Amino acid sequence: MEQITENKELTYTYVGNIEIGLTDEDVESCAVPCSDNTSACEEVEGKDYINGQLSSYTDAELAEAVKSYAIENTESMTRKELYTYIVWLAAWDIKDDDGEE
């Protein structure tokens, strides 16, 4: 885990070949069973710490990472949509890993 601003730690996972870290708070807001959590994921993907982690990737790299989860039509998604999917996928991966311990 790594410290970020406001003394919050990040838990890291991979979405395809992209390593991304999320705060526990952001994982909890995005990985909610039986919920349309699109707005929560959109809010998280707009945070500076997410942009800092994903800004170095090309749109093609982001699309490939999302596509690795069998999500179709990633080539036509906007960068914002790709960020939202990556946050959502990462949140669920982290939440699922926490449940295994």
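FYI, it's all coordinate maths here, none of it is from the lab. All values derive from a computational prediction rather than experimental measurement. A quick note on method: Cβ atoms are made from the backbone with ideal geometry, for glycine too, and the neighbour counts reach across all protein chains shown.
Summary of values
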{"quantity": "Reachable lysines, given that their alpha-carbon falls under 16 Å from the alpha-carbon of Lys67 and they are not under 8 places away in the same chain", "calculated": "Lys80"}
{"quantity": "Segment Thr78-Glu43, length gained on full extension (0.36 nm per residue, minus Cα span)", "calculated": "11.0 nm"}
{"quantity": "Set of region 42-58 residues, backbone N closer than 18 Å to the point 7 Å along the Cα-Cβ line of Ser68", "calculated": "53-58"}
{"quantity": "Proximal charge balance of Glu28 [Cβ under 12 Å; K/R count +1, D/E count -1]", "calculated": "-3"}
{"quantity": "Relative contact order [Cα under 8 Å, 6+ residues apart], the chain, whole percent", "calculated": "33 percent"}
{"quantity": "Helix 79-100 axis, angle to the chain major axis (alpha carbon atoms, nearest 10°)", "calculated": "40 degrees"}
{"quantity": "Packing-based ranking, highest mean first, of 69-75, 83-89 given that Cβ atoms within 10 Å are counted", "calculated": "83-89, 69-75"}
